[in-house]
1. Give me the distance between the Cα centres of the range 1-19 and the range 58-135, rounded to whole Å.
2. Using the Karplus curve 6.51 cos²θ - 1.76 cosθ + 1.60 with θ = phi - 60°, what ³J(HN,Hα) values do you get for each residue of the range 280-293, in whole Hz, with x for Gly and Pro?
3. Taking the 0 to 90 degree range and rounding to the nearest ten, how far is the long axis of helix 16-29 tilted relative to the main principal axis of the chain, both from C-alpha atoms?
4. Given a 10 angstrom Cα cut-off, can you work out which residue in Lys196, Lys84, Lys281 is the most mobile in a GNM of the chain?
5. Using only Cα atoms and rounding to the nearest 10 degrees, what angle (0 to 90) does helix 310-319 make with the longest principal axis of the chain?
6. Using 0.36 nm per residue, how much length does the chain from Glu314 to Asn290 gain when fully extended, once their Cα-Cα distance is taken away?
7. Might you report the magnitude of the Cβ-based charge dipole of the chain about its Cα centre, with Lys and Arg at +1 and Asp and Glu at -1, to the nearest 20 debye?
8. Can you list the aspartates and glutamates whose alpha carbon sits under 14 Å from that of Lys311, skipping same-chain ones fewer than 8 residues off?
Amino acid sequence: MKTIGVLTSGGDAPGMNAAIRAVVRCGIYNGLTVKGIMRGYQGLIDDEIEDMTLSSVGDIIQRGGTILRTARSAEFKTKEGRAKAAEVLKKHGIEGLVIIGGDGSFRGAQLLSNEHGVNTIGIPGTIDNDIPCTDYTIGFDTACNTAIDAINKIRDTATSHERANIIEVMGRNAGYIALYAGLAGGAEIIIIPEVKFDIDEVCDKISYGIKRGKLHHIIVLAEGVMSGLELSKMIQERLPKLDLRHTTLGHIQRGGAPSVMDRIIASQMGSRAVELLLENKSQRIISIRNNQIVDDDIDTALAMRKEFNFKLYELSKILSI
Ligand code: F6P
């Protein structure tokens, strides 16, 4: 293998740049030519390819987002689109491809491999932490830190006004950001898709907290359950006198300087991706499990079921009585 490519696909996540840097620098260190593919699979189809040098990834480890940009491509989902992508790879002599993204992006990589014999390696990058094979995905830690920073600030004003605040966090259909940020941010109530939601229980907890003299109530809500506005209406119907506000954190959770943990995991995964390509491996997904960097065949990886940490959820309930 002489030439490899790297792209980012799907939603961006803080730490993707650290992963790109690791792929480029480890590739060059091992004598490979490394090409950067702009705008994910769509950029590949459109032949948006740049030569990467040591300095093209200088000064990026601390930056959020992705210097390669990202996109979702409907064309790549078609056989014709993938055939075009394979032609472009051939033209540039790219034999191995590193895909930094989510499980949808990995499925695309698998099809490209099966149909056109390109070696593909996936690195999990998403703030949602919802990829089954890995304990952590790149971006999750930074997103949680951003969320607790916001929770801390909202708590200051909630305490001053003796208010309740709903903070809606991202996570798509998963409750990881809500659980981790809620527990670390000392939330009174955490609402996640993995646990059946009971509005009466939520309102009873708020009423009990008011009786015992709590100055504020922080309710962290995962977007996969409902919106902050919907929850706010449900609570106000039952507790009309409650002074309640809601905040949707939105895309601030996707940006910002990556945390130490995200930079380290991204660097290790980027390096492992290059090693796997040098070993002529293909259709592997890199993960972190029990603090070890491991890799699995894509079918095995995506068929895994992640055990949701219900113990952590129970702990959050105990700590917020
Ligand atoms: O997958 C990352 C994520 O930020 C989710 O948490 C969220 O539901 C979604 O992407 C938002 O997507 P978009 O940036 O397309 O609005």
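The numbers here are math on the coordinates, done by the rules we state, and not lab data. Note that the structure is predicted; figures quoted are calculated from it, not measured. Glycine gets a Cβ as well: all are built from the backbone with ideal geometry, and neighbour counts include every protein chain shown.
1. Between the Cα centres of the range 1-19 and the range 58-135 lies a distance of 8 Å.
2. Whole-Hz 3J(HN,Hα) from phi for the range 280-293: 6, 7, 8, 6, 10, 10, 8, 9, 10, 9, 6, 6, 10, 7.
3. Taking the Cα atoms of the chain, the angle to 16-29 is about 30 degrees.
4. Lys196
5. The two axes meet at around 30 degrees.
6. On the way: separation 24, 0.36 × 24 = 8.64 nm, distance 2.15 nm.
Here the answer is 6.5 nm.
7. Working: 38 positive and 40 negative charges, 67 e Å.
Roughly 320 debye for the chain.
8. Output for Lys311: Glu194.
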